[in-house]
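One structure below.
The values are calculated or read from the model by the stated rules, or taken from the named source; none is laboratory data. These figures come from a predicted structure and were not determined experimentally. We place every Cβ from the backbone using ideal geometry, glycine too, and count neighbours over all the protein chains shown.
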C-alpha cells in the first residue's frame with residue numbers, strides 16, 4: 001500500500017484535530033495547515049486478522065503486544081489447543097538444521113517447535129503458548145532462583161549442547177515461565193548455531209545482545225558452550241538486581257568493562273550467588289579443556305555442584321561460600337499452627353489462608369494469637385507482630401496494618417490480597433480490572449477505591465523490591481484526583497501498567513500501536529466519510545472528551561504531550 005494523501009473538507013469530528021505522528025503516520029484535521037492522512041506501507045507492519053489460517057490448520061485468534069525487529073507474535077488454535085505463531089519478516093528465520101534438531105529434542109525446559117512453514121513469503125514457527133510470559137522485567141530472590149530458574153536453565157543448556165546447538169542469545173526475555181509457575185523454558189533460536197564435526201569453538205557473526213554476550217563473542221565473534229554460560233551468569237545478575245551489571249552502556253564501553261574481568265556486586269546480593277555468577281562470567285578461556293584446573297569458566301557440572309552445596313574453587317582461587325538455603329519462610333518446629341480448622345507447618349502456607357479468611361485472620365492478630373504462637377520459636381517475628389498490635393491500638397487502620405504484616409511474615413509470597421480477594425499476582429489483578437472496565441462492570445469499584453486510597457499497589461511493589469521508577473509510576477496513579485472520569489482513566493492506566501499490555505479495544509477490534517489505529521482510520525476514510533465519523537464517535541463524546549480507555553491508552557503509549565496540546569487547541573478553537 002503506497003502513501004496516499006486524502007482531503008475531505010466535510011470532516012467535522014474533533015478527533016481529527018489530534019495529531020498522531022508515529023512512524024510516518026499523521027492523522028489530523030485536513031482543513032488545518034495542509035495536513036495529510038497517510039497510509040503506511042504493508043512492509044511497515046504485519047497484522048493478521050482473527051481467523052487467518054496459518055500452515056493450513058492454525059487459526060489466528062489474537063495478537064500479543066510483543067514485537068521485535070524480526071517477528072510478530074500471534075495466538076492461534078488447532079484441535080482445541082492454543083499455540084503461539086511467530087511470524088518472521090524474513091525467510092528461514094531459524095536455520096533448518098536447528099529446527100530439525102529441536103523437533104527431535106524432548107526437554108521440558110526448551111520450547112518445542114511444533115511446526116514450521118511459510119505464509120505469504122514469511123517464515124512461520126509454531127511454539128507453545130506460555131501464558132505467564134518471560135522473565136524480562138521480573139526479579140527473584142536467591143531461593144526462587146535456586147528452585148525455579150537455575151536448575152531449569154542449566155538442564156536446558158546441557159540438552160542443547162548435547163545435540164550440538166549453541167543458543168547464543170540467552171537473556172531474561174528468552175526464558176519463559178511454565179504454567180506451573182515452578183519451572184522455566186528457553187525460547188528464541190533465531191541466531192542459534194550448530195557445532196559441526198565435533199568442534200568446540202565456532203566463529204560466527206550474529207545479532208547478539210551486547211549486555212549479555214561473553215567477551216570472546218563480543219570482541220572476536222567466537223562462541224562456545226562457555227559463551228552460553230557467561231550469558232547465563234549475566235542473566236542471573238539481572239534477575240536478582242533488576243538490571244545487568246553494565247546498565248545502558250554501549251557495546252564499546254561494555255568491552256572495556258569486561259576487560260577488568262571482575263564484576264561488582266550490590267551489597268544485598270548473597271555471597272553464594274556472587275560466587276556462582278563469578279564462576280559463570282570468568283573471562284579467561286585458556287584452561288577451558290583442562291578439567292583439573294579450577295581457573296576456567298563454570299558450565300553444567302559446576303552449576304550442578306553449586307546447587308548441591310558442594311564446595312569448589314571459584315576461578316581465581318577463592319573457595320565458594322558455604323551454601324545456606326535462603327528462605328524467609330519459617331516452620332513451626334515440631335508443632336503446627338491451626339487456623340480455620342486446618343493445620344499449617346509453614347508460614348508461607350499460613351499467610352494465604354489468613355488473607356483468604358480476612359476477618360478471622362485479623363482476629364488472630366488483634367487477639368494476640370499470632371504473636372503468642374511466634375513468640376515460642378521466633379522472637380524477631382513475634383516482636384514485629386507486637387509492634388503492629390500496638391499500632392492498631394493507637395488507631396492505625398487494622399486492615400492496612402494486617403495487610404502489611406502478611407507480607408512481612410512471608411516476603412516471598414507473590415499473591416496480591418485485600419479483604420478476601422486473592423489474585424495470583426499484580427498482573428492478574430490488573431487483568432481482571434481491565435476486563436471488568438471494558439464490560440462496564442463496576443462491581444469492584446469500592447474495592448479498587450480502597451486499594452488506591454491506601455496505596456497498596458505501590459506498597460506491594462516496595463515490599464517486593466521493585467524498581468523505584470515502577471513504584472513512583474504506580475503511586476502517581478493512586479493519588480490521581482478521583483472524579484468519575486479521572487478515576488476511570490486512572491483505573492485503565494493502572495491496568496495497562498500492571499499487565500504490561502498496551503492494547504486499545506474498540507468493540508471487536510484491538511489496536512496495539514498508534515500506527516495501527518491511524519492505518520485503520522485511514523482505511524475507513526478510504527471507504528466512506530460516514531464510516532470514519534462513526535468510528536471517531538466511539539473515541540470521543542459530544543463534549544469533545546476522549547473515551548476513557550482511549551485516553552489512558554494514549555498516555556500509556558507516551559503521548560501525554562500530544563493529548564495536552566490537542567486539549568489546548570480545542571479550548572482556543
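Quick check on my filter: what residues within the range 207-220 are more than 25 Å from the chain's Cα centre (by Cα) and surrounded by fewer than 14 Cβ atoms within 10 Å (Cβ to Cβ)? Talk me through it step by step, then tell me what you get.
As a first pass, look at the range 207-220 and keep what is more than 25 Å from the chain's Cα centre (by Cα): 215-220.
Answer for the range 207-220, where residues must be more than 25 Å from the chain's Cα centre (by Cα) and surrounded by fewer than 14 Cβ atoms within 10 Å (Cβ to Cβ): 219, 220.
Collect the residues in the range 425-459 that are closer than 27 Å to residue 344 by Cβ, in contact (Cβ under 8 Å) with a residue 40 or more places away in the chain and touching a strand residue (DSSP E or B) at 6+ places or on another chain (Cβ under 8 Å), keeping them in residue-number order.
Of everything in the range 425-459, those that are closer than 27 Å to residue 344 by Cβ, in contact (Cβ under 8 Å) with a residue 40 or more places away in the chain and touching a strand residue (DSSP E or B) at 6+ places or on another chain (Cβ under 8 Å) turn out to be 426, 429, 456.
Only one of these conditions is not met by residue 271: (1) in contact with a helix residue (DSSP H, G or I) (Cβ under 9 Å, 6 or more places away or on another chain); (2) at negative phi. Which number is it?
(1)
Just checking, does the range 122-136 include any residue being surrounded by fewer than 19 Cβ atoms within 10 Å (Cβ to Cβ), at pLDDT 90 or above and within 20 Å of residue 273 (Cβ to Cβ)?
yes
Out of 437, 447, 461, which single residue is modelled with pLDDT under 90 and either over 25 Å from residue 241 (Cα atoms) or part of a helix (DSSP H, G or I) (or both)?
Answer to the check: 461.
Just a yes or no: is a residue in the range 297-317 within 28 Å of residue 152 (Cβ to Cβ), at pLDDT below 80 and not in a strand (DSSP E or B)?
The answer is yes, given that some residue of the range 297-317 is within 28 Å of residue 152 (Cβ to Cβ), at pLDDT below 80 and not in a strand (DSSP E or B).
Are there any helices (runs of 4 or more DSSP H) wholly within the range 205-267 with 1 or more residues that are within 18 Å of residue 174 (Cβ to Cβ), and if so which? Lay out the reasoning, then the answer.
On the way: elements: 215-220, 225-241, 251-259.
Hits in the range 205-267: 215-220, 225-241.
So residue 395 fits all but one of (1) more than 36 Å from the chain's Cα centre (by Cα); (2) in a helix (DSSP H, G or I); what number is the exception?
Residue 395 satisfies all of (1) more than 36 Å from the chain's Cα centre (by Cα); (2) in a helix (DSSP H, G or I) except (2).
Exposed (fewer than 14 other Cβ atoms within 10 Å of the Cβ) and in contact (Cβ under 8 Å) with a residue 60 or more places away in the chain: is that true of residue 422 in this structure?
So residue 422 fails the test.
For residue 348, work out the one condition from (1) outside any helix (DSSP H, G or I); (2) assigned by TED's automatic domain parsing to the domain that holds residue 388; (3) modelled with pLDDT under 85 it doesn't fulfil.
So the condition that residue 348 fails would be (1).
Considering only residues that are free of Cβ contacts under 8 Å to residues at least 60 places away in the same chain and either outside any strand (DSSP E or B) or out of contact with any helix residue (DSSP H, G or I) (no Cβ under 7 Å at 6 or more places or on another chain) (or both), which ones fall in the range 492-508?
Correct list: 507, 508.
Search the range 490-513 for residues being touching a strand residue (DSSP E or B) at 6+ places or on another chain (Cβ under 6 Å) and at pLDDT 80 or above, and hand back the single one that is surrounded by the most Cβ atoms within 10 Å (Cβ to Cβ).
It comes out as 504.
Yes or no: the range 410-426 includes at least one residue that is part of a helix (DSSP H, G or I) and in the same structural domain as residue 463 (by TED's automatic domain parsing).
Yes, the range 410-426 has at least one match.
Can you tell me which of 95, 143, 103, 91 is surrounded by fewer than 19 Cβ atoms within 10 Å (Cβ to Cβ) and at pLDDT 90 or above?
Details: 95 fails: at pLDDT 90 or above; 103 fails: at pLDDT 90 or above; 91 fails: at pLDDT 90 or above.
Going through 95, 143, 103, 91 in turn, just one is surrounded by fewer than 19 Cβ atoms within 10 Å (Cβ to Cβ) and at pLDDT 90 or above: 143.
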